[in-house]
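One structure is given below, encoded as structure tokens.
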Amino acid sequence: MSIFYAIFNTIMDAGATVMLPIIITIIGLIFGVKLSKAFRSGLTIGIGFAGINLVINMMKADLGPAAQAMVENFGIQLDVLDVGWGAIAAVTWSSPIIAILIFAILATNIIMLALKATDTMDVDIWNYHHMAIVGIMVYYVTKSIPLGILASVIMAVITFKLSDWTAPLVEDFFGIPGVSLPTVSALSSVLIAVPMNWLLDKIPLFRNSKLTVRNAQKYLGFFGEPAILGLILGCGIGALARYDVSKILSLGVSMAAVMILIPKMTSLFMEGLMPISEAAKNFTQKRFKGRKFLIGLDAAVVVGNPDVITTSLIVIPLTIFMAAVLPGNRMLPFADLAVVTFRVAMVVAITRGNLLKNIVMGLVSTGTILYAGTITAPVLTSLAQSIGLDIATDGTMISSFAATSLQLSFLVYEAFITNPIIFVPLLIVVFAAIWVLVEKRNKKKAAAAAE
Amino acid sequence: MKRVLVACGNGIATSTVVATKIREACENHGVPVTVSQCKLLEVESKADDFDLLVTTGKFTGGSVSVPVVGAINLLTGINEDATLEEILGYLK
């Protein structure tokens, strides 16, 4: 027994780059991937983590001091750096309990499919990280594995149901039938968009708005190009830090590099996970042969919509401005400005492309993300360090537009760590009530349509 | 050698799946090819340097001068072969 303990400890001590290949190989073997292929997957993901570690280090070393100088010079306290969802996903996949959570989420999906409680077949294993991180953070704070698993399972149930309910929008508005989008980073905005859309429709100014912005792509297009955005932001922050010109330019190029390199490193994760994702797809599809279901896809398939792009190009600069002026916000939006499209996609679908409403609701969505990201940054930073992202402890923290910065994930996480005995049952009851109401309304609609 | 640009929402997730499948299919058919990935937002500024644009969702966000193939089938697994045939048709 002590030998196993010694082996386990040696691996734990070696850190994430050693843990990851082992965990992923095991997950792959369970799904029936061949050992050699599973091991290559694991190794690729380990390499991805090493790469992300390098880039985040560079980002923090260059941007951290500038952000602190900004605080001293102008009192703009933006010392929580948005390192991007990819880095957070890397932390998620490196958690010691990730394997348990992945199977818990998959089991939740299979059980719900079997009980006909959902139509969404979600084998997009990659995007499980959004549901898993909530469980990992709950586990990190409470030290309770069951609570962590429960948090991820609740995330999963809510995600699958939101996917079911938004699937008609994906078909009607985006024109993609037969799929749903269980991607929390896109779905979370539904929590903002549904009530706000109802509210704004009471006001004629919003309801009847015909606002259009022509040539948004032509004039604002550079906000959609990560390299240019990184360069501008880097130079701007350098100027606010009162650097000299050569240092301003060098920060600009270095931040452009970060914007391009983070996705390159993250794509190694995706590449490594692909064989496992395919195996999971075959596994589940075989078991539910003949059953008609919605195939769960990454929300990446809808963000090419022109309304989504226009809204994002306007929301991105306004979000940067908002970060500077919102009282209490400390998050410096950066790497995840590149994926604002995901945060506004569902908003656009719900308003059916009403640009004025899209901008207002998009900003409420990114604004709440900034606050939730600020509030949960200390725990996220400490978790990332414990897992092996060796970021300097210079007073700046890390966060992103993903993980518990997302409205849905934030609510579930807070319910679990504030007072699980009261808030977790409350959360379940409230969601169950919404479930019953929505399905009742949908049935009525279907009946009306059938007549 | 023909050049393919695969675009998706963040240039990482679904485009990696599609790019890998295109590379594998080309290898099996002995078609030499280079495959690059990008974000949909960057398509307009990049597409002109390529022979074919493949998107993972519906792309209606701009005008490009190269042929465009929608490859959502490579993600869902339905009619996957037909889509790969279409892509190979442009690359042979």
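Quick note: the coordinates plus some simple rules give every number you see, no bench work behind them. Note that the structure is predicted; figures quoted are calculated from it, not measured. Because the Cβ atoms are built from the backbone with ideal geometry, glycine has one as well, and the counts that use them run over all protein chains shown.
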query = For the residue pair A:Q285 and A:V18, what label-to-label distance in nm results when each label sits 7 Å from Cα along the Cα-to-beta-carbon direction?
reply = 3.9
inquiry  = Given Cα positions, please report Rg to Rh for region A:337-451, the hydrodynamic radius being the Kirkwood one.
reply    = 1.09
query = Expressed as a rounded percentage, what relative contact order does chain A have, with Cα pairs under 8 Å and six or more residues apart?
reply = 26
Alpha-carbon gyration tensor eigenvalues x 5, square-rooted, for chain A, Å = 32, 31, 20
task = For region A:283-312, state which chymotrypsin sites (Phe, Trp or Tyr not before Pro) are in a DSSP loop and have at most 15 other beta carbons lying within 10 Å of their beta carbon.
result = A:F288
query = Okay, helix-only estimate at 222 nm for the protein assembly as shown: each DSSP H run of n ≥ 4 adds -39500 (n - 2.57), divide by all residues, round to 500 deg cm²/dmol; what do you get?
reply = -22500 deg cm²/dmol
ask   = Using 7 Å Cα-to-Cβ label points, what is the B:S45/A:D244 separation (nm, one decimal)?
value = 3.1
note = Mean 1/r over distinct Cα pairs of region B:2-91, inverted to a Kirkwood Rh in Å, yields 12.7
query = How many angstrom separate the Cα center of region A:339-402 from the Cα center of region B:50-92?
reply = 31
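What relative contact order, as a whole-number percentage, does region B:2-91 give when Cα pairs under 8 Å and 6 or more residues apart are counted?
Reported as a whole number, the value is 33 percent.
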message = Test of understanding: in a Gaussian network model of chain B with alpha carbons linked when under 10 Å, which of B:A19, B:A71, B:A82 would top the mean-square fluctuation ranking?
response = B:A82
query = Taking the Cα centre of region B:2-91 as the origin, how large is its charge dipole in debye, to the nearest 20, when only Lys and Arg (+1) and Asp and Glu (-1) carry charge on their Cβ atoms?
reply = 200
inquiry  = Placing unit charges on C-beta atoms (Lys and Arg positive, Asp and Glu negative, everything else neutral), compute the dipole magnitude of the protein assembly as shown about its Cα centre in debye, rounded to 20.
reply    = 1160
28 Å Cα-Cα threshold exceeded, pairs from A:K286/B:K39; A:K281/A:K443; A:K161/A:K289; A:K292/A:K445; B:K2/B:K58; A:K218/A:K264 = A:K286/B:K39; A:K281/A:K443
request  = Could you list A:D122, A:D201, A:D13, A:D307 in order of exposure, starting from the residue whose Cβ has the fewest other Cβ atoms within 10 Å?
outcome  = A:D13, A:D201, A:D307, A:D122
